[in-house]
Amino acid sequence: MIPAAFDYYRPNDLDGVISLLQEHGDDARVIAGGHSLIPLMKLRMAEVPHLIDLQSIEELTGIENGARIRIGAMTTQADIIDNASLASSAPILKEASLQIADPQVRYMGTVGGNVANGDPGNDMPGLMQCLDATFILRGPNGGREVKARDFYHAAYMTEREDDEVMVAVTFDAPKGGYAYEKQKRKIGDYATAAAAVIISKDGSKCKEASIAMTNLSDTPVFCGAASDCLIGTSVSAEDIKNAVNSMIDAIDPAEDNRGPVEFKKHAAAVVLSRAIERAWQRA
Amino acid sequence: MSGKMQIKLKVNGEDHEFSAEPRELLVHALRERLNLTGSHVGCETGHCGVCTVTLNGKSIKSCTMFVAQADGAELTTVEGMGSPDNLHVLQEAFREHHGLQCGYCTPGMIMRAAKLLEEIPNPTEEQVRFGMAGNLCRCTGYQNIVKSIMAAASEMNSAKEAAQ
């Protein structure tokens with residue numbers, strides 16, 4: 001499987017990337033780890049006459065830890081898994097990253113590519129919505145910030161303009177318990193259903209909760225109403241059921257080779273129940 | 001547009017320079033230009049892992065990388081691990097413990113296992129299975145592959161202890 005021919009560029013800074021994007025418009029795409037784009041190019045489902053490799057751009061690398069966490073777009077899943085301080089301040093990232101693809105793919109797959117691509121099967125977008133993360137984009141007119149919860153319009157359709165590059169994701173260090181629960185057919189598959197949950201406790205009651213679902217609509221689904229079902233409760237079996245029912249109303253899965261709609265709703269209910277239980281135990 | 005570009009690769013300690021279209025897949029460059037046919041082409045979709053090589057210290061699938069992306073990189077392929085007369089500890093362990101049947105997946109298994117043991121020198125069986133999850137084998141049922149890697153790990157660890 002050989003893709004259509006392209007010109008290859010490896011600029012050393014973001015200005016170089018942006019000027020190439022401006023020059024070539026729709027004919028140019030950036031490549032990070034390439035594990036979504038290269039298979040599409042090999043199948044000739046994507047044609048990219050001008051391919052701009054981001055691997056040499058220093059500004060896109062690095063993890064800054066603290067009350068506010070910043071992860072450069074070119075940070076790989078393997079980088080996240082290996083970063084001990086991030087694993088202690090935001091352990092949900094490591095838990096989710098370990099469930100993405102396989103070791104070889106995790107060495108290449110990046111946070112920026114995962115969130116910017118707009119593939120509903122990617123795990124990071126739902127996780128970023130759960131964390132209420134902000135995406136930092138850079139374009140010809142400088143930088144701007146977009147909330148993860150406002151970024152996704154439809155499959156592969158996002159708030160990012162063609163001449164903008166995803167630079168980093170930022171979010172407040174999460175408090176309380178967490179869980180990323182994913183059901184997949186086999187290693188390397190996208191989720192049949194996945195749930196990201198963060199819950200904080202005040203005494204024996206739930207103080208704050210945040211729930212987002214993956215691959216159950218053409219965008220990630222932040223479930224505000226389902227999260228509200230848990231707040232102020234003791235997260236009993238009944239409360240979890242209420243949250244799950246609310247989540248089911250918010251998702252809109254489509255039938256595909258991972259199963260019919262009813263099965264996906266069933267899988268979504270199972271992963272969310274498990275995720276809430278685990279997050280609550282850890283809160 | 002879309003001409004050839006000069007590519008430099010350091011493979012198994014040897015420098016190579018050639019001209020190629022950027023779209024050429026790394027695995028094809030290794031096999032067809034450098035005649036390093038140990039890295040196999042299996043699924044060609046990034047799932048099976050038979051094309052696994054080490055690139056700048058990472059295990060990667062060379063069917064899912066353009067040769068242009070690898071320009072300037074240092075690689076190790078299975079040819080850099082051992083030779084028929086002088087097998088690498090992992091290769092010897094695979095032979096000893098029947099870690100292969102048809103052998104098609106073996107170069108990828110060896111390359112990934114080598115990197116895994118570098119990262120986790122004393123792994124549990126579960127860590128081996130998780131760390132090898134990107135490599136498929138349709139013959140062995142994996143049991144003997146895991147056994148081979150565990151045996152190689154203990155061999156390498158005792159050699160290290162003896163050296164100290």
What's the number of the condition A:Gly25 fails, among (1) farther than 22 Å from B:Thr45 by Cα; (2) modelled with pLDDT of 95 or more?
(2)
Please state which one of B:Thr52, B:Thr106 is more than 14 Å from chain A (Cβ to nearest Cβ), crowded, with 23+ Cβ neighbours inside 10 Å and touching a residue at least 12 places away in the same chain (Cβ under 8 Å).
B:Thr106
Taking helices (runs of 4 or more DSSP H) that fall entirely within segment A:5-101, which contain at least 3 residues that are away from chain B (no Cβ under 13 Å) and in contact with a Pro (Cβ under 8 Å, 6 or more places away or on another chain)?
A:14-24
Just checking, does segment B:26-36 include any residue being open to solvent by less than 10 Å² (accessible area, probe 1.4 Å) and either basic (Lys, Arg) or touching a residue at least 60 places away in the same chain (Cβ under 8 Å) (or both)?
no
Within segment B:32-49, the residues that are touching a strand residue (DSSP E or B) at 6+ places or on another chain (Cβ under 7 Å) and within 12 Å of chain A (Cβ to nearest Cβ) are B:Gly46, B:Gly49
When residues of segment B:115-164 are filtered for being within 13 Å of chain A (Cβ to nearest Cβ), among the small types (Gly, Ala, Ser) and open to solvent by 20 Å² or more (accessible area, probe 1.4 Å), how many remain?
1
Here are some residues: A:Gly139, A:Gly176. Which one is surrounded by fewer than 24 Cβ atoms within 10 Å (Cβ to Cβ), under 26 Å from A:Ala267 (Cα atoms) and not hydrophobic (A, V, I, L, M, F, W, C)?
A:Gly176
Out of B:Gln69, B:Gln101, B:Gln6, I need the residue that is closer than 30 Å to B:Lys147 by Cα and not aliphatic (A, V, I, L, M). Which one?
B:Gln101
Looking at segment A:114-129 only, could you name the residues that are assigned to a helix (DSSP H, G or I) and either within 13 Å of chain B (Cβ to nearest Cβ) or farther than 30 Å from B:Arg129 by Cα (or both)?
A:Ala116, A:Gln129
Go through (1) at pLDDT below 95; (2) surrounded by fewer than 21 Cβ atoms within 10 Å (Cβ to Cβ); (3) not acidic (Asp, Glu) for B:Gly46 and report which single condition fails.
(2)
Return a yes/no flag: does segment B:28-36 have any residue that is of a type in the set (Lys, Arg) and under 12 Å from B:Pro107 (Cβ atoms).
yes
Restrict the check to segment A:209-224 and report whether at least one residue is over 18 Å from the mean Cα position of the chain (by Cα), more than 19 Å from A:Ala148 (Cα to Cα) and not assigned by TED's automatic domain parsing to the domain that holds A:Ala87.
no
Kindly check whether there is at least one residue in segment A:108-120 that is more than 13 Å from the chain's Cα centre (by Cα), at negative phi and not charged (D, E, K, R).
yes
For segment B:74-85, indicate whether the set of residues that are among the hydroxyl-bearing types (Ser, Thr, Tyr), under 23 Å from A:Asp79 (Cβ atoms) and modelled with pLDDT of 95 or more is non-empty.
yes
From the list A:Ile231, A:Ile187, exactly one residue is at pLDDT below 95, among the hydrophobic types (A, V, I, L, M, F, W, C) and in contact with an Asp or Glu (Cβ under 7 Å, 6 or more places away or on another chain). Which is it?
A:Ile187
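For every residue, the table says whether it meets (1) in contact with a helix residue (DSSP H, G or I) (Cβ under 8 Å, 6 or more places away or on another chain); (2) β-branched (Val, Ile, Thr).
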{"residue": "A:Ile18", "(1), (2)": "no, yes"}
{"residue": "A:Glu23", "(1), (2)": "no, no"}
{"residue": "A:Asp27", "(1), (2)": "no, no"}
{"residue": "A:Ser36", "(1), (2)": "yes, no"}
{"residue": "A:Glu47", "(1), (2)": "yes, no"}
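Condition check ((1) open to solvent by 70 Å² or more (accessible area, probe 1.4 Å); (2) free of Cβ contacts under 8 Å to residues at least 12 places away in the same chain) across all residues:
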| position | (1), (2) |
| --- | --- |
| A:Val17 | no, no |
| A:Gly33 | no, no |
| A:His50 | no, no |
| A:Glu59 | yes, no |
| A:Thr75 | no, no |
| A:Asn83 | no, no |
| A:Ser88 | yes, yes |
Could you check segment A:229-254 and list, in sequence order, the residues that are open to solvent by 80 Å² or more (accessible area, probe 1.4 Å) and either under 22 Å from the mean Cα position of the chain (by Cα) or β-branched (Val, Ile, Thr) (or both)?
A:Asp249, A:Asp252
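The values are calculated or read from the model by the stated rules, or taken from the named source; none is laboratory data. In this text, all values refer to a predicted model and were calculated from it rather than measured experimentally. Here the Cβ is made from the backbone with ideal geometry for all residues, glycine too, and neighbour counts use every protein chain on show. Only protein heavy atoms, including side chains, enter the accessible area calculation; ligands, DNA and RNA are left aside. Shrake-Rupley method; radii C 1.70, N 1.55, O 1.52, S 1.80 Å.
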